[in-house]
Amino acid sequence: DFRMPKYNGFEVTGILRQKGVDVPIITLTAHAMEGDEEKCLMAGMNSYLTKPINSGRLKAELEKWL
């Protein structure tokens, strides 16, 4: 989730990307405000899914990136 208490998803993504970690990052969030998806993708996340999670879409994203 990109809104976590200690480090938010943007911070974690930035840390991982700065260290050269190139794993898929799929954002799962209840925040679905206009522009949130673009912010996540610009921060280096690979995909953006909103809660409640649609199991079919989650499966498709996992298959896409793994």
In region 1-50 the accessible area split gives carbon plus sulfur, as whole percent at 1.4 Å, a share of 56
Taking r as the C-beta separation of Ser55 and Glu34 and R0 as 35 Å, the FRET efficiency to the nearest 0.05 is 0.90
Quick calc: nm separation of the 7 Å Cα→Cβ label points for Val12 and Asn46 -> 1.5
Gyration tensor (Cα only) of the chain to equivalent ellipsoid, semi-axes in Å sorted down, yields 18, 15, 10
Only helices counted: for the chain, with every DSSP H run of 4 or more residues adding -39500 (n - 2.57) and the sum spread over all residues, [θ] at 222 nm is -12000 deg cm²/dmol
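The values are calculated or read from the model by the stated rules, or taken from the named source; none is laboratory data. Just so you know, these numbers come straight off a predicted model, no measurement behind them. Counting neighbours? That spans all protein chains shown, and the Cβs are built from the backbone with ideal geometry, glycine included. Surface accessibility is based on the protein's heavy atoms, side chains included, excluding ligands, DNA and RNA. Shrake-Rupley method; radii C 1.70, N 1.55, O 1.52, S 1.80 Å.
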